[in-house]
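Please treat every number below as a calculation from the coordinates, not as lab data. Computed from a predicted model, the values in this text were never measured in an experiment. Please note: Cβ atoms are built from the backbone with ideal geometry, for glycine as well, and neighbour counts cover all protein chains shown.
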Amino acid sequence: MELKEQFEKAIADSKSLTEKPSNDTLLQIYSLYKQATDGDINIEPPSNPFDFVAKAKYEAWAALKGKSTANAMTDYVELVKKLKG
């Protein structure tokens, strides 16, 4: 199966996990997805210092700057496989 197909399947699988992942794992899923689909972060940091969720998402994605799309897709697929068990 081609990487893009594996990635698409992992996206679908991530929506039907039996247990809700921890917040840290959800951030990892989010940031890998964004890096795989949008590349390096391309948005401004959140302007509201009390929007902790937006800040965490921004920082998680920013931490992946420079990771290739293919590597982000591979990591995403592996993470979802691990979560499925």
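Taking GluC sites (Glu not before Pro) as candidate sites, keep only those in a DSSP loop with at most 11 other Cβ atoms within 10 Å, then name the longest stretch of the chain containing none of them. Looking at the chain, 20-85 is the longest stretch - no exposed GluC sites (Glu not before Pro) with at most 11 other Cβ atoms within 10 Å. Placing dummy labels 7 Å off each Cα toward the beta-carbon, the span from Glu59 to Ala12 is 3.6 nm. Within the shell defined by Cβ-Cβ distances under 12 Å, the residues around Asp40 carry a net charge of +2, with Lys and Arg each +1 and Asp and Glu each -1.
Peptides 24-32, 36-44, 67-75: what's the order by average Cβ count within 10 Å, highest mean first?
Highest-to-lowest ranking by the protection proxy: 24-32, 67-75, 36-44.
Taking the C-alpha atoms only, the angle from helix 52-62 to the longest principal axis of the chain is near 60 degrees. Taken over the chain, lysine pairs spaced eight or more positions apart, or on distinct chains, with alpha carbons under 12 Å apart number 6.
Each residue, Leu3 and Asp38, gets one label point 7 Å from its Cα in the Cβ direction; the gap between the two is 2.1 nm.
Taking the 0 to 90 degree range and rounding to the nearest ten, how far is the long axis of helix 23-38 tilted relative to the main principal axis of the chain, both from C-alpha atoms? Once rounded, one gets 80 degrees. Can you tell me how the stretch 3-84 classifies by the Cα gyration tensor, rounded, prolate or oblate, using a/c under 1.5 as the rounded cut? Taking the square roots of the gyration eigenvalues as a ≥ b ≥ c, the stretch 3-84 is oblate.
List the relative contact order of the stretch 1-70 as a percent without decimals, with contacts defined as Cα pairs under 8 Å and 6+ residues apart.
Details: 44 pairs, mean separation 26.3, N = 70.
Computed value for the stretch 1-70: 38 percent relative contact order.
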